[in-house]
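Novice: Let me begin by handing over the structure; questions about it come next.
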Amino acid sequence: MNDTTSLPTLPDRLSVNPRSPFYIAEIFDGENEIGIKINGKQRFDVEEYCISEGWVKVPSHKALDRRGQPLMTTVKGTVEAFYSEA
């Protein structure tokens, strides 16, 4: 059984991209994965979220920027972040 009290608290804003200033390595080092719900629906393709501003960024399907990274689309709504078991 996992003890969720030993996990670091999830910040207001977090990114999965290591080049982002909102990337926190300690959160991604654990066994548990982070789940995101936007407007009550769980999303599995979230790259970055902000709970206080109410948005998530998800990659667009085929569009790439000039560096070859996927373009991000912002989805607005009520954001919930939680730990889910791997």
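The values are calculated or read from the model by the stated rules, or taken from the named source; none is laboratory data. As the structure is a computational prediction, the values presented were derived from the model and not from experiment. Ideal geometry is used to build each Cβ from the backbone, glycine not excepted, and the neighbour counts take in all protein chains shown.
Novice: Every residue in region 27-73 that is out of contact with any Phe, Trp or Tyr (no Cβ under 6 Å at 6 or more places or on another chain), of a type in the set (Gly, Ala, Ser) and either in a loop (DSSP other than H, G, I, E, B) or touching a residue at least 40 places away in the same chain (Cβ under 8 Å) (or both), please.
Specialist: GLY30, GLY40, SER52, GLY54, GLY68
Novice: Taking the condition of a type in the set (Ser, Thr, Tyr) and modelled with pLDDT of 95 or more, does THR5 pass? Lay out the reasoning, then the answer.
Specialist: On the way: of a type in the set (Ser, Thr, Tyr): yes; modelled with pLDDT of 95 or more: no.
Spelling it out, it is not the case that THR5 is of a type in the set (Ser, Thr, Tyr) and modelled with pLDDT of 95 or more.
Novice: For region 77-86: of the residues being without any contact (Cβ under 8 Å) to a residue 60 or more places away in the chain and surrounded by 12 or more Cβ atoms within 10 Å (Cβ to Cβ), which is nearest to THR9 (Cα to Cα)?
Specialist: Residues of region 77-86 that are without any contact (Cβ under 8 Å) to a residue 60 or more places away in the chain, as a first pass: 77-80, 84, 86.
Add one more test, that the residue is surrounded by 12 or more Cβ atoms within 10 Å (Cβ to Cβ), and what stays is 77, 79-80.
Working: GLY77: 22, VAL79: 16, GLU80: 13 Å.
Residue satisfying both the conditions and the ranking: GLU80.
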